[in-house]
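Report on the following structure.
The values are calculated or read from the model by the stated rules, or taken from the named source; none is laboratory data. Every value quoted in this text rests on a predicted model; they were computed, and no experiment measured them. Because the Cβ atoms are built from the backbone with ideal geometry, glycine has one as well, and the counts that use them run over all protein chains shown. These accessible areas exclude ligands, DNA and RNA; they are computed on the full protein's heavy atoms, side chains included. Shrake-Rupley method; radii C 1.70, N 1.55, O 1.52, S 1.80 Å.
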Amino acid sequence: MNIADGRQAFPAPAKLNLDLRITGRREDGYHNIESIFCLIDLQDTVYLKPRDDGKIILHNPVDGMPQEADLSYRAASLLQKYARNPAGVEIWLDKKIPTGAGLGGGSSDAATVLLVLNRWWQCGLTQRQLINSGAALGADVPFFIFGKNAFASGIGEKLIGMDIPKQWYVIVKPPVHVSTAKIFTHESLTRDSASSIMPTFQNLQPFRNDMQAVVFKEYPEVWKAYSELSRYGAALMTGSGACVFTACQDRDSAYNIYRQVSCLYEAYLAEGLAMHPLLPG
């Protein structure tokens, strides 16, 4: 969508981790994971406007942080060295995905910037090259560049497409911001889950999240939200939290749950997507 002042609008969808296991800790301090990543239609909108003076300007950094610390700014800066001509861009973020929620909003914004500017600036990077570049920004960025529901391993950069049944999700955001670093460094975190031999949607059930127990211990607000949502179906935490969710087979069932929990919590009703809206169908 084009705006009158020359901005163009691009989608940045959220994700859920339907399953998340930690299989080990690496020498560089990162953790090896295995996870099912699912795209959902809850999304931010990234507005971009080209500049020809080489400047990158982020007009509204998230949570008032310096623009240089924002993933979207860093994504544009990272890609700039591949541009054929001195290229710049202005960025605006219309945030609908809550932050600190395990939904990958900042990573998705950064991936959208990479996907669009790779084309605008004629960088010529392949999807694999973009994924490798995105991994330097954050562990969730490669998935959004991959653009399809996937089984992820390594630190999240090894991706294999996975078929996920059509589902609707009720997502609850408790009033707390979970520190991912705090959870990954916690002494009680499970780090030795067995690797999957044949990872499929069916074979990995029952789904679990190895970070969930630690988050519940450190952030009782997440436990309370999980307990409330569990009244209506199997609930699980996504990523390192704070959001918890439950899956439904049809929208009506999901809406009925959403109507109940949204009286108590910030809540979202989201449809699962098969593909990133920026990828060709």
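Take segment 131-145 and flag every residue that is in a helix (DSSP H, G or I) and buried (at least 24 other Cβ atoms within 10 Å of the Cβ).
Gly134, Val141, Pro142, Phe143, Phe144, Ile145
Going residue by residue through segment 213-225, is there one that turns out to be of a type outside the set (A, V, I, L, M) and touching a strand residue (DSSP E or B) at 6+ places or on another chain (Cβ under 7 Å)? No, every residue in segment 213-225 fails to be of a type outside the set (A, V, I, L, M) and touching a strand residue (DSSP E or B) at 6+ places or on another chain (Cβ under 7 Å).
For segment 147-160, a residue qualifies if it is open to solvent by 20 Å² or more (accessible area, probe 1.4 Å) and either in a loop (DSSP other than H, G, I, E, B) or more than 21 Å from Tyr30 (Cα to Cα) (or both), and the qualifying residues are Lys148, Ile155, Glu157.
Selection within segment 175-188: residues that are touching a residue at least 60 places away in the same chain (Cβ under 8 Å) and within 20 Å of Phe37 (Cβ to Cβ). The member of this set that is least open to solvent (accessible area, probe 1.4 Å) is Val178.
Counting only residues that are hydrophobic (A, V, I, L, M, F, W, C) and touching an Asp or Glu at 6+ places or on another chain (Cβ under 9 Å), which one in segment 81-99 is surrounded by the most Cβ atoms within 10 Å (Cβ to Cβ)? Here the answer is Ile91.
Elements of the type strands (runs of 3 or more DSSP E) sitting completely within segment 197-281 and holding at least 2 residues that are of a type in the set (Gly, Ala, Ser) and out of contact with any Asp or Glu (no Cβ under 7 Å at 6 or more places or on another chain): these cover 266-273. Selection within segment 100-127: residues that are over 26 Å from Ala270 (Cα atoms) and out of contact with any helix residue (DSSP H, G or I) (no Cβ under 9 Å at 6 or more places or on another chain). The member of this set that is surrounded by the fewest Cβ atoms within 10 Å (Cβ to Cβ) is Thr126.
State the number of residues belonging to segment 236-280 that are among the hydrophobic types (A, V, I, L, M, F, W, C) and either touching a Cys at 6+ places or on another chain (Cβ under 6 Å) or without any contact (Cβ under 8 Å) to a residue 24 or more places away in the chain (or both). Final tally of qualifying residues: 2. Of the residues making up segment 1-52, those that are over 21 Å from the mean Cα position of the chain (by Cα), among the charged types (D, E, K, R) and in a strand (DSSP E or B) are Arg25, Lys49, Arg51.
Taken as a whole, segment 91-107 holds at least one residue that is part of a helix (DSSP H, G or I) and closer than 27 Å to Asp163 by Cβ.
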